Amino acid sequence: MLAVDVEKQLGAFALAARFTASGGVTALFGPSGAGKTTIANMIAGLVTPERGSIAVDNSMLFDAATGIDVPPHRRRIGYVFQEGRLFPHLSVRKNLDYGRRMNGHAYDAKKFARIVQLLDIGHLLDRRPRALSGGERQRIAVGRALLMRPRLLLLDEPLASLDSARKHEILPYLVRLRDEAQMPMIYVSHDAGELRQIATNVVRLDAGHVAATGGIELLD
């Protein structure tokens with residue numbers, strides 16, 4: 001379970017958010033400027049809260065009171081950004097393997113094959129990122145994050161840079177990931193239609209505060 005209770009002042013913007021997420025896909029939903037990405041970055045360790053705590057599976061990642069602040073690379077959180085952020089000089093295969101190597105994990109051929117099959121990217125392994133569509137690049141980014149063996153997957157507006165056709169291409173894979181990989185996910189988006197297809201729980205944000213938590217009825 002993810003437990004977030006954080007506060008942060010960013011200029012004139014005050015963020016104070018408290019919620020828990022216990023599995024499935026938890027959507028951080030709200031308008032632009034509501035604080036969704038800032039919260040995701042705090043969970044990942046890229047932004048430091050001023051007060052509060054963040055824990056995953058009873059493991060404290062941040063606690064202002066005791067001075068705990070686990071570095072991002074030790075939090076075991078996979079992060080998928082809007083643009084994918086693949087290495088252009090590496091093949092798809094080497095991009096996929098990057099996170100595993102950087103985290104010092106032994107190569108697991110079965111796990112690699114399972115994720116390749118799950119995301120339907122076997123025919124792309126020898127290509128370079130420039131030869132991929134936007135939807136294919138995002139599938140590679142998801143695969144790379146999964147191969148890091150995370151305990152939580154963060155997806156920050158993963159479809160925002162894609163056109164409608166590419167969104168429809170990748171959404172079924174994200175739904176399949178939710179249903180088959182049993183990987184807890186935090187999914188940041190302001191698109192209610194997108195979230196209705198993938199979210200199981202919703203944290204609705206407004207002006208840096210949690211306005212409501214519950215099911216997908218909060219998307220209406």
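Every number in this text was worked out from the coordinates using simple rules, so none of it is lab data. What you see is a predicted model, and the numbers here were worked out from it, not measured in a lab. Note that we place each Cβ from the backbone using ideal geometry, even for glycine, and neighbour counts take in every protein chain shown.
Odds and ends about this structure:
- Two-decimal log10 I(q)/I(0) for segment 168-220, as the Debye equation yields it once each C-alpha is a single scatterer, q = 0.29 Å⁻¹: -1.25
- Proxy reagent accessibility, fewest Cβ within 10 Å first, across Y173, Y187, Y79, Y98: Y98, Y173, Y79, Y187
- Dipole magnitude for the chain: computed about the Cα centre from +1 point charges on Lys and Arg Cβ and -1 point charges on Asp and Glu Cβ, it is near 1000 debye.
- For the residues N201, N95, N103, a GNM of the chain with alpha-carbon springs under 10 Å puts the largest fluctuation on N103.
- Options V175, L86, S53, ranked by Cα towards positive dipole end of the chain, top entry (Cβ charges): L86
- Per residue, the convex hull spanned by the Cα atoms of segment 78-212 measures out at 118 cubic angstrom.
- Projecting the Cα atoms of L218, G33, Y98 onto the dipole axis of the chain, where Lys and Arg carry +1 and Asp and Glu carry -1 at the beta carbon, places Y98 farthest toward the positive end.
- All aspartates and glutamates inside 17 Å of K110 as judged from Cα atoms, apart from same-chain residues fewer than 8 positions distant: D97, D120, E180
- Rounded tilt (10° steps) of 134-146 against the dominant C-alpha axis of the chain: 70 degrees
- When segment 2-219 is described by a simple charge dipole with +1 on each Lys and Arg Cβ and -1 on each Asp and Glu Cβ, the residue from V70, M185, M148 located farthest towards its positive end is M148.
- Put in order of Cβ neighbour count within 10 Å, fewest first, the listed residues S53, S22, S189, S32 become S32, S22, S53, S189.
- Reachable lysines, given that their alpha-carbon falls under 21 Å from the alpha-carbon of K8 and they are not under 8 places away in the same chain: K36
- Segment 1-155: projected area of the alpha-carbon convex hull, averaged over directions, in nm²: 10.3 nm²
- The distance linking segment 136-194 with segment 91-134 is 15 Å (Cα centroid to Cα centroid, whole angstrom).
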